[in-house]
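Nothing in this text is a laboratory measurement; each read-out follows from the coordinates by a stated rule. These figures come from a predicted structure and were not determined experimentally. Here the Cβ is made from the backbone with ideal geometry for all residues, glycine too, and neighbour counts use every protein chain on show.
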Amino acid sequence: MGNTNDDDERSFFSEAPMRPAAKAKATLDEKPHYLGHRDRLRERFALAGPDALPDYELLELLLFRLIPRADTKPVAKALLARFGTLAEVLGAPVGLLQEVKGVGPAVALDLKIVAATAQRMARGEVQGREVLSSWTQLLAYCRSVMAFEAREQFRILFLDKKNALIADEVQQTGTVDHTPVYPREVVRRALELSATAIILVHNHPTRFFSITHNHVLAR
């Protein structure tokens with residue numbers, strides 16, 4: 001009977017029950033597959049610059065910071081499939097962003113913060129400069145600030161005598177397909193700012209916008 005007890009103890013402390021634990025430890029030591037991908041993508045960006053990366057990879061790099069413990073490639077591709085381009089992703093409303101799987105309220109808000117930062121940078125590039133000398137830059141600025149708005153806007157860029165930007169203001173915001181315009185208010189504001197010319201910008205929720213350049217009559 002004594003041997004039986006010894007055998008029972010040896011069976012209890014044998015190596016057999018330890019095998020699943022060793023396997024579990026090995027599983028814990030394995031790194032998620034996306035961690036290596038993140039390092040490689042960061043290295044490509046550092047060595048080759050942003051032009052070497054397509055939109056979905058740039059969006060992935062951004063999402064690395066917003067979604068730290070998940071594979072962000074499917075999220076980036078889903079966002080681009082829904083909205084079209086990186087600019088359209090950043091321009092999309094918070095509510096629509098959250099309709100994409102993997103994008104919660106915090107991530108959607110962070111994307112809008114990035115969009116606001118990009119818009120501020122674009123505004124800084126044209127503020128106080130002769131905007132009519134760089135029509136491409138002006139178009140890029142207008143596109144960044146309003147081309148993807150869900151409602152129509154009537155925006156005015158006020159220029160001085162050197163065609164430098166004095167101010168950029170939204171005069172009216174309307175519905176999905178209509179916005180009112182009041183010429184008297186436009187002229188009044190131009191005179192207040194001592195603007196000698198104005199650029200009228202009107203967007204459409206279909207992602208198009210029109211630009212008209214006009215001179216303000218002297219006081």
Just subtract the alpha-carbon distance of Ala116 and Ala140 from 0.36 nm times their residue separation and send over the number in nm, one decimal. 7.2 nm
Just to be sure I understand the model, the point goes 7 Å from the Cα along the line to the Cβ. What's the resulting Glu169 to Leu58 distance in nm? 3.3
Starting from 0.36 nm per residue, how many nanometres of slack lie between Glu99 and Leu47 once their C-alpha separation is accounted for? 15.3 nm
